[in-house]
Amino acid sequence: MSQSLSAQAVTERVLELSRADDCMVLVTENSTANLRWAGNSLTTNGVTRGREVTVVSLVEGPEGTSVGTVSRSGLRDDQLEDLVRSAEAAAREAPPAEGAHPLLGPGTGAAQGVGGDWDAPPAATDIGVFSTFAPDLGTAFERSAKAGVKLYGYAEHSLNSTFFGSSTGVRLRHDQPTGTVDLNAKSADPGHSTWVGRATRDFADIDVEALEAELGRRIAWARTSVELPAGRYETLLPPEAVADLMIDLYWGMGARDAFEGRTALSAKRAGTRVGERLSPLPLRLRSNPAEPGLECAPFVLADSPGRRISAFDNGLPIRESEWISDGELSRLVQTHDSAVLTALPVTPDTDNLVLELPGATASLDDMVAGTERGLLVTCLWYIRVVDPRSMLLTGLTRDGVYLVEDGEVKGAVNNFRFNESPVGLLERVSEVGRTVPALSREMGDYFTRTAMPPMRVPDFNMSTVSRAS
């Protein structure tokens, strides 16, 4: 038998086949279009389509609820029963799940009136999404070749339609477009590499000429080369680098881990640091599924129990949450279970993040103009957690570190390894500019929907010189 059932029909069929005490199913129809280029020439392009079916089976036992989750792609219709039985077998073999509670139903807290039309066909992308971007890129290739610069990069657009159904009667659907552009320029004279990236929902807002101009400006800065030692430097971080650090902060905001003393947001004696000041500036860090340009799923979609996001909360509405308000930690990422533990409101994980300073208007260029001496670090790379308890990170600078003196960029500087904590940075930040959409370099493959400001840190710790190029 071929794959002839619709995503909606697969959802219903899985629930009919289930013999577990409760069952959830997520069917994701995904389509992706991509372009890749190197040395001012398009190298590959393509479109892929697929379907993934995830079954979450719940089995009640004398010691609690056990959960089994099995996901498979490329299933024929006649293979659905085997998928369901595999999930049930996994549930019977699993220990009782942490944080188990009854599943939400249409009248018991599940989202209503949000998401896409359940009965409509899945949304899909195609190569036509690049109809304006690709010709503009071709023109950029011609200009770059004349300037002795080679462009490399990758553009991708995906559209995922996820259908969620539960044995308690919940039916929800979400369509998520996601697009990214990574553009790298390399020059032979001077020998320099620099990067810019953007996130988009549909590629209509990608200005290739502006991206190319920014790359050219940075290559021009590199005509002078400066060697500097390791040390603490006043450092300007553009929105993209700030996004990398704030995503790590956000991923460390799990309430249960904080309550159990595992993170930098744990109180010294017991509990969490909710209510404590994290920054002298009145910063706001927030998430909102309806944020213009950064829209994401307005309800919980998870494939298993977890400490930060849990399948037991599937269908729970997600609303705007301020994680940091007026510089104070105001909320942590909460499941239903952790909210009971911490006695704080349920605030689910959200797939976007915004950092802002109300009233801030300065651009990165404005902040450069106001710098007596410091570094401009255009992107970070290979970031790893050193100590979760302090949220200490280590990583490398890449594709453009520049010396700023007397309000002007004077030249390119060698790369560094850095050691910093985003919590510590918020405590020491001395200036924050205007918030704009930003694609992080390191985390952009996993978390694309962010808006961040440029930031000035008076003593960013460049712990060692790196010879990486």
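The values are calculated or read from the model by the stated rules, or taken from the named source; none is laboratory data. Please read all numbers here as calculations on a predicted model, not as lab measurements. Don't worry about glycine lacking a Cβ; one is built from the backbone with ideal geometry, like all the others, and counts go over all protein chains shown. In case anyone asks, the SASA skips ligands and DNA or RNA and just uses the protein heavy atoms, side chains included. Shrake-Rupley method; radii C 1.70, N 1.55, O 1.52, S 1.80 Å.
For the chain, what is the accessible area per residue in Å², given a 1.4 Å probe and the full set of protein chains?
Value for the chain: 42 Å² per residue.
Measure nothing fancy, just the Cα-based angle from helix 80-93's long axis to the longest principal axis of the chain, in degrees from 0 to 90, nearest 10.
Result, in degrees: 90.
Please report the relative contact order for the chain, taking Cα pairs under 8 Å with a sequence separation of at least 6, and give it as a percent rounded to a whole number.
16
Please report the Cα spread of the stretch 1-89 along all three principal axes, rounded to whole Å, starting with the longest.
Result, largest extent first: 64, 32, 17 Å.
Count the net charge of all other residues whose Cβ sits under 13 Å from the Cβ of Leu329, scoring Lys and Arg as +1 and Asp and Glu as -1.
0
Rounded if a/c is under 1.5, else prolate if a/b beats b/c, else oblate: with a ≥ b ≥ c from the C-alpha gyration tensor eigenvalues square-rooted, which is the stretch 197-284?
oblate
For the stretch 1-157, take the convex hull of the Cα atoms, compute a quarter of its surface area, and give me that in nm², please.
About 13.7 nm², averaged over all directions.
If packing is taken as the average number of other Cβ atoms within 10 Å across a peptide's residues, how do 90-102, 107-119 rank, most packed first?
Order by mean packing, descending: 90-102, 107-119.
Please sort by residue number the GluC sites (Glu not before Pro) in the stretch 294-357 whose DSSP state is loop and whose Cβ has at most 14 other Cβ atoms within 10 Å.
Glu320
Sum up the charges of everything whose Cβ sits under 13 Å from the Cβ of Thr394, counting Lys and Arg as +1 and Asp and Glu as -1, but leave Thr394 out.
Summing Lys/Arg as +1 and Asp/Glu as -1 gives -3.
Mean residue ellipticity at 222 nm from the helices of the chain, using -39,500 (n - 2.57) per DSSP H segment of n ≥ 4 over the full residue count, to the nearest 500 deg cm²/dmol?
-5500 deg cm²/dmol
In whole angstrom, how far apart do the alpha carbon centroids of the stretch 378-430 and the stretch 261-322 sit?
Each part reduced to its Cα centre gives a spacing of 25 Å.
Could you tell me the distance between the Cα centroids of the stretch 431-449 and the stretch 33-111, to the nearest Å?
Cα centres, the stretch 431-449 to the stretch 33-111: 29 Å.
How many percent of all Cα-Cα pairs in the stretch 183-243 sit more than 15 Å apart?
The calculated P(r) of the stretch 183-243 puts 64 percent of pairs beyond 15 Å.
Output the 0 to 90 degree angle, nearest 10, between the alpha-carbon long axis of helix 208-221 and the longest principal axis computed from the alpha carbons of the chain.
Approximately 40 degrees, to the nearest 10.
Where nothing but the Cβ of Lys and Arg (+1) and of Asp and Glu (-1) is charged, how large is the charge dipole of the chain around its Cα centre, in debye to the nearest 20?
So the dipole magnitude of the chain works out to roughly 1020 debye.
How big is the stretch 246-376 on each of its three principal axes, counting only the C-alpha atoms and giving the largest first in Å?
Cα spread of the stretch 246-376 along its principal axes, largest to smallest: 52, 39, 23 Å.
Take the Cα pairs of the stretch 322-469, get the Kirkwood Rh, then feed it into Stokes-Einstein at 25 °C and 0.890 mPa s and tell me D in µm²/s.
143
Starting from the alpha-carbon convex hull of the stretch 331-397, give the projected area averaged over all orientations, in nm².
7.7
Would you list, by chain and number, the aspartates and glutamates whose Cα falls below 17 Å from the Cα of Lys146, excluding same-chain residues fewer than 8 positions away?
Correct list for Lys146: Asp136, Asp189, Glu209, Glu212, Glu214.
Loop-only trypsin sites (Lys or Arg not before Pro) in the stretch 243-307, please: DSSP not H, G, I, E or B, and at most 14 other Cβ atoms within 10 Å.
Of the trypsin sites (Lys or Arg not before Pro), the ones in loops of the stretch 243-307 whose Cβ has at most 14 other Cβ atoms within 10 Å are Lys268, Arg269.
State the Kirkwood hydrodynamic radius of the stretch 141-182 in Å, one decimal place, computed from all pairs of distinct Cα atoms.
It works out to 14.0 Å.
Binned at 5 Å from 0, what are the whole-percent values of the Cα-Cα distance distribution for the stretch 1-46, short to long?
Reading the bins upward from 0: 5, 15, 17, 13, 10, 8, 8, 9, 8, 5, 3, 1.
Find out how many positive minus negative residues lie around Ala468, taking Lys and Arg as positive, Asp and Glu as negative, among other residues whose Cβ is under 12 Å from that of Ala468.
Value of the local net charge: +2.
Average the reciprocal distances over every distinct pair of alpha-carbons in the stretch 277-353, invert the result, and give the Kirkwood radius in Å.
13.0
From the square roots a ≥ b ≥ c of the eigenvalues of the alpha-carbon gyration tensor of the stretch 97-222, which class results: rounded (a/c under 1.5), prolate (a/b over b/c), or oblate?
The shape class here is prolate.
Can you send over the carbon and sulfur percentage of the accessible area for the chain, probe radius 1.4 Å, protein chains only?
That fraction is 49 percent.
Quick one: compute a quarter of the convex hull surface over the Cα atoms of the chain and quote it in nm².
Seen from a random direction, the Cα hull of the chain projects 23.4 nm² on average.
Mind pulling up the Rg/Rh value for the stretch 90-169? Radius of gyration and Kirkwood radius, both on Cα.
Ratio value, two decimals: 1.28.
How would the stretch 392-466 be classified by its alpha-carbon gyration tensor: rounded, prolate or oblate, with rounded meaning a/c under 1.5 and the a/b versus b/c comparison settling the rest?
Rounded.
Angle, helix 7-17 long axis vs. longest principal axis of the chain, Cα atoms, 0 to 90°, nearest 10?
So the helix axis and the longest Cα principal axis differ by about 40 degrees.
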